[in-house]
1. Just one of the numbered conditions (1) modelled with pLDDT of 60 or more; (2) surrounded by fewer than 10 Cβ atoms within 10 Å (Cβ to Cβ) is not true of P150; which one?
2. Out of all the residues in the stretch 54-77, which are among the basic types (K, R) and either in contact with a helix residue (DSSP H, G or I) (Cβ under 9 Å, 6 or more places away or on another chain) or in contact (Cβ under 8 Å) with a residue 40 or more places away in the chain (or both)?
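The values are calculated or read from the model by the stated rules, or taken from the named source; none is laboratory data. Every value quoted in this text rests on a predicted model; they were computed, and no experiment measured them. When we count neighbours, we look across all protein chains shown, and the Cβ atoms used for this are built from the backbone with ideal geometry, even at glycine.
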Amino acid sequence: MTWKNLLPGFLQVLCGFWIPPKNIGEKFGRNKMKIVTSQKELSSQYMEITGKIIAVLPERGGISQRTGAEWKVQEYVLETQEQYPRKMCFDVFGADKIAQFNIQIGEVLTVSFDVDAREYQGRWYNSIRAWKVDRQVAAPMGEAVPPFQPADVAPAAPVDFSAGSDPKDDLPF
């Protein structure tokens with residue numbers, strides 16, 4: 001075994017990523033494997049949440065001390081629609097993104113986001129920043145899905161549980 005055979009494995013361990021072999025197309029078939037090209041692409045696979053917007057917080061803005069440029073940020077609260085709903089506050093940074101996303105209360109959205117933390121005066125603060133927003137497709141207004149209607153079934157007659165029962169047994173079943 002030569003050093004040329006060991007080098008790819010060594011680089012994988014040293015750098016923490018996988019180097020595909022030259023014959024990847026022959027081994028796995030063309031377009032069968034996606035090679036991740038950026039950290040954002042890698043982390044965004046699992047960093048999204050779907051829910052209903054329950055609050056739109058006031059827009060904040062200012063002037064950057066470092067660059068002198070104007071900045072704006074707006075925060076939103078999203079609630080998941082699960083058996084045990086969770087709430088998440090996320091922000092959208094930049095006046096252009098705020099206008100592009102145009103998030104309103106009551107909308108059901110899928111939000112792709114990045115999580116970051118920063119230190120300020122000895123304390124750490126998390127930031128959940130949205131970079132993509134997808135709206136859920138709703139049924140057209142005229143074609144709303146009707147609620148479940150059972151077939152033509154006569155209503156059940158009321159049952160008298162007190163008649164003919166054991167006086168010691170007061171449970172209706």
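1. (1)
2. Residue satisfying the conditions is K72 alone.
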